[in-house]
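The values are calculated or read from the model by the stated rules, or taken from the named source; none is laboratory data. As the structure is a prediction and not an experimental result, all values here were calculated from the model. Here the Cβ positions follow ideal geometry from the backbone for every residue, glycine too, while neighbour counts run over all protein chains shown. Areas reflect the complete protein model, heavy atoms only, side chains present, ligands, DNA and RNA absent. Shrake-Rupley method; radii C 1.70, N 1.55, O 1.52, S 1.80 Å.
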Amino acid sequence: MTATTLFISDLHLHHEAPEIAQGFIDYLACLETCMPIVERLYLLGDIFEVWVGDDYRDEFTQTMSAALKRVAARGTAIFFMHGNRDFLVGETFAAEAGVTLLPDPSVITLDGERVLLMHGDSMCTRDEAYMKFRAMTRDPQWQAQILAMPLEQRLALAQSLRMQSGETNSAKDEAIMDVTPEEVIREMREHKVLTLIHGHTHRPAVHPLEIDGKSARRIVLGDWRPTQAFDIIAQGNGPELREFALPVADAITHG
């Protein structure tokens, strides 16, 4: 039987969204019961709505960590790529959850093809204000300063940034919050790939492209909602974008 590779992103797990959290736990459990041979699981950013440091542990984060650890213990390799919400996830959490941190961008081999994986936010170059914010938050010195703050201050800062983000995005033109087409082509050329998988934009779709006369594609993961979720599955015939209902039941199978 062909081994399965799965990709998900933009769950925005948070204790205020219990339906999605339970959906994620059910999805992970289903990897054993519905898809017995899951070789790799890629978490492509914004798995958590907010992350203030690996030293913050509440019942919610411990539950999510334990659920991932159970999957890893069964032999599935889990890879975690930072998003714009959970960029402070570190090696301590990775070790506890049994996941491997994955750089953004990364190239993997999938069904014999080179495939580029990204969270996606770095390609939203028309949103100049966000790009400045992104550069700041990815600076190791800035991250070290934040992580040195008392936990209470970090929690307050995270809440403030969440509110600011919602207010700012509501006032932005939808077009500038999507990826820049020229940046997509540039990244794919630079990494010598004809397939790109990313999340971030919450606009699930398969976009056909042409790069230097060759057929290419950009596959965009969707965000998870209380009754709806998305993943990408690859089982030997290339990646396929799927939409399924939450709670997870028979919607997820291995074909």
task = Among what's in segment 1-33 and is part of a helix (DSSP H, G or I) and of a type in the set (Asp, Glu), pick the residue that is farthest from LEU116 (Cα to Cα).
result = GLU19
Residues of segment 1-50 classified as more than 30 Å from ALA158 (Cβ to Cβ) and among the small types (Gly, Ala, Ser), total = 1
inquiry  = Being of a type in the set (Ser, Thr, Tyr) and touching a Ser or Thr at 6+ places or on another chain (Cβ under 9 Å): is that true of TYR56 here?
reply    = no
query = Within segment 60-68, can one find any residue that is under 23 Å from MET149 (Cβ atoms) and open to solvent by 60 Å² or more (accessible area, probe 1.4 Å)?
reply = yes
key: Among the residues listed as MET136, MET131, the single one being part of a helix (DSSP H, G or I) and more than 19 Å from HIS202 (Cβ to Cβ)   = MET136
remark   = Taking segment 35-51 and the residues there that are part of a loop (DSSP other than H, G, I, E, B), open to solvent by less than 10 Å² (accessible area, probe 1.4 Å) and among the hydrophobic types (A, V, I, L, M, F, W, C), the one that is nearest to ILE197 (Cα to Cα) would be ILE47
query = Among the residues of segment 69-92, is any in a helix (DSSP H, G or I), open to solvent by less than 20 Å² (accessible area, probe 1.4 Å) and either hydrophobic (A, V, I, L, M, F, W, C) or free of Cβ contacts under 8 Å to residues at least 24 places away in the same chain (or both)?
reply = yes
task = Kindly check whether there is at least one residue in segment 150-158 that is open to solvent by less than 30 Å² (accessible area, probe 1.4 Å), modelled with pLDDT under 95 and out of contact with any helix residue (DSSP H, G or I) (no Cβ under 6 Å at 6 or more places or on another chain).
result = yes
query = In this structure, is ARG126 of a type in the set (Lys, Arg), under 17 Å from THR201 (Cβ atoms), assigned to a helix (DSSP H, G or I) and open to solvent by 30 Å² or more (accessible area, probe 1.4 Å)?
reply = no
message = Can you go through ASP178, ASP212, ASP139, ASP223 and tell me which one is under 22 Å from the mean Cα position of the chain (by Cα), acidic (Asp, Glu) and surrounded by fewer than 14 Cβ atoms within 10 Å (Cβ to Cβ)?
response = ASP139
request  = List every residue pair whose Cβ atoms lie under 6 Å apart, where the two residues are 6 or more positions apart in sequence or sit on different chains, the first residue falls within segment 209-230 and is farther than 10 Å from LEU194 by Cα and at pLDDT 95 or above, and the second residue, located anywhere, is among the β-branched types (Val, Ile, Thr) and open to solvent by 70 Å² or more (accessible area, probe 1.4 Å).
outcome  = ILE219/VAL206
ask   = Does ILE25 fit the bill of being over 18 Å from the mean Cα position of the chain (by Cα) and open to solvent by 10 Å² or more (accessible area, probe 1.4 Å)?
value = no
Checking ASP104 against (1) under 26 Å from ARG217 (Cα atoms); (2) more than 20 Å from the chain's Cα centre (by Cα); (3) acidic (Asp, Glu), the condition it does not meet = (2)
query = Hey, SER106 hits all of (1) among the small types (Gly, Ala, Ser); (2) surrounded by 14 or more Cβ atoms within 10 Å (Cβ to Cβ); (3) in contact with a Ser or Thr (Cβ under 8 Å, 6 or more places away or on another chain) but one; which does it fall short on?
reply = (3)
